[in-house]
Amino acid sequence: MKYYIIAGEASGDLHASNLMKSLVQKDEHADFRFFGGDLMKNVGGTLVKHYRELAFMGLLEVLKNLRSIFKNINTCKQDILAYQPDVLILVDYPGFNLRIAQFAKENNIKVHYYISPKIWAWKEGRIHKIKKYIDTLHVIFPFEVPYFKNKHNYKVNYVGNPLLDEITSRKPVDEHAFRTQHNLGAKPIIALLPGSRTQEINKILSEMLTVVPNYPDYQFVIAGAPSKKESFYKEFIGDTDVKFITNQTYDLLAIAHTALVTSGTATLETALFKVPQVVCYKTSGLTYFVAKLFVKIKYISLVNLVMDKEVVKELIQQDLNPQDLQKELNTILEGDGRTLMLKEYEVLHHTLGGDGASNNLANYILNA
């Protein structure tokens with residue numbers, strides 16, 4: 001079969017590459033053409049556009065690059081027509097991919113959408129495009145199945161969560177070698193995951209670091225974003241003993257004792273590594289006010305959303321302060337609070353349904 005795949009971000013590149021590996025195992029004639037990244041390219045096929053050429057974050061950046069955005073959309077449409085795939089697989093990236101879904105449907109190309117637009121959080125109106133232009137929507141969170149079925153009368157396919165595949169397939173970390181390589185010493189590690197965007201790091205990392213002097217028996221380590229240089233973090237660290245490691249977040253979580261984590265996918269990743277955590281989030285007052293108007297969810301962490309209750313403590317806006325952060329961190333460093341959270345993580349893992357998302361999706365596509 002001929003597969004055209006579109007992934008517009010690093011996470012999409014990862015999940016799409018794993019899907020491609022599964023398709024290759026099941027379809028000896030698999031041929032790929034795609035918008036994506038290096039991981040997809042390593043599997044094989046033709047890379048048309050790298051996601052680096054597609055990534056525009058924030059309203060101002062989008063407005064400044066409208067011409068490039070529409071040029072990329074047009075290039076994609078023409079390339080799909082020229083390739084004539086048996087199936088189009090769209091991975092997340094809804095602003096771009098929903099436009100392509102409409103085009104594909106108008107040209108009688110079967111459309112599979114992997115990793116649903118998060119319409120349960122915001123832009124719920126996208127459900128109309130999803131129903132009209134997508135043949136099958138493949139979701140990665142269990143709560144999405146009843147959401148789409150009960151609220152929107154739309155059947156979706158739950159394939160499992162691809163993070164489970166990625167984490168469970170990793171080789172064990174040599175903790176001694178890792179600590180030696182990064183000069184970490186023997187103290188238990190409190191990992192700091194402050195996000196990847198400059199604005200959120202500026203707001204959140206400063207708050208995280210306020211508690212460092214209160215824990216001399218622990219080693220604090222920042223998980224740096226690949227897009228940020230070490231010099232950026234040095235401004236926050238100063239002359240403290242806080243360490244910095246970049247592009248090795250999973251290895252760090254594999255040996256961490258506890259973590260302070262910015263909301264997002266990292267909260268679920270941290271839980272799957274069985275690391276107790278406090279979720280931290282702070283943004284500008286205006287951005288938070290606007291978000292409250294449009295974002296309709298009870299929690300900001302994926303752990304709590306999947307479990308539909310507060311498993312991990314969320315410190316948001318004014319609640320993210322030195323006193324509350326220290327209080328919540330103390331709760332999970334040792335004792336009953338830590339034990340309870342680890343037990344809830346086991347339930348979370350069971351709720352997600354085990355690994356195999358890529359294989360499940362590949363089987364569905366080949367048999368559809």
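Structure data summary
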quantity: Hey, Gly185 part of a loop (DSSP other than H, G, I, E, B), touching a residue at least 40 places away in the same chain (Cβ under 8 Å) and not β-branched (Val, Ile, Thr) or not; calculated: no
quantity: Where Ile127 falls short, out of the listed (1) modelled with pLDDT of 95 or more; (2) hydrophobic (A, V, I, L, M, F, W, C); (3) in contact with a Leu (Cβ under 9 Å, 6 or more places away or on another chain); calculated: (3)
quantity: Counted residues, the stretch 80-95 - those being crowded, with 16+ Cβ neighbours inside 10 Å and either in contact (Cβ under 8 Å) with a residue 40 or more places away in the chain or charged (D, E, K, R) (or both); calculated: 10
quantity: Those residues of the stretch 1-50 which are closer than 25 Å to Gln199 by Cα, touching an Asp or Glu at 6+ places or on another chain (Cβ under 6 Å) and in a helix (DSSP H, G or I), in sequence order; calculated: Gly12
quantity: Scan of the stretch 103-139 for residues that are in a helix (DSSP H, G or I) and more than 25 Å from the chain's Cα centre (by Cα), ordered by number; calculated: Phe103, Ala104, Lys105, Glu106, Lys132
quantity: Positions within the stretch 340-355 being over 23 Å from Glu328 (Cβ atoms) and either surrounded by fewer than 18 Cβ atoms within 10 Å (Cβ to Cβ) or touching a strand residue (DSSP E or B) at 6+ places or on another chain (Cβ under 7 Å) (or both), in sequence order; calculated: His350, Thr351, Gly353, Gly354
quantity: Enumeration of residues in the stretch 145-161 that are assigned to a loop (DSSP other than H, G, I, E, B) and touching a residue at least 12 places away in the same chain (Cβ under 8 Å); calculated: Tyr154, Val156, Val159, Gly160, Asn161
quantity: Yes/no for Leu329 being at pLDDT 95 or above, within 18 Å of the chain's Cα centre (by Cα), surrounded by 15 or more Cβ atoms within 10 Å (Cβ to Cβ) and not in a loop (DSSP other than H, G, I, E, B); calculated: no
quantity: Where Asp92 falls short, out of the listed (1) of a type in the set (D, E, K, R); (2) in contact with a helix residue (DSSP H, G or I) (Cβ under 6 Å, 6 or more places away or on another chain); (3) modelled with pLDDT of 95 or more; calculated: (3)
quantity: The stretch 144-169, residues that are over 25 Å from Ala368 (Cβ atoms) and exposed (fewer than 12 other Cβ atoms within 10 Å of the Cβ); calculated: Ser169
quantity: Ser231 being under 20 Å from the mean Cα position of the chain (by Cα) and modelled with pLDDT under 95; calculated: no
quantity: Yes/no for Asn107 being polar (S, T, N, Q), over 22 Å from His29 (Cα atoms) and touching a strand residue (DSSP E or B) at 6+ places or on another chain (Cβ under 9 Å); calculated: no
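The values are calculated or read from the model by the stated rules, or taken from the named source; none is laboratory data. The structure displayed is predicted, hence computed values, not measured ones. Please note: Cβ atoms are built from the backbone with ideal geometry, for glycine as well, and neighbour counts cover all protein chains shown.
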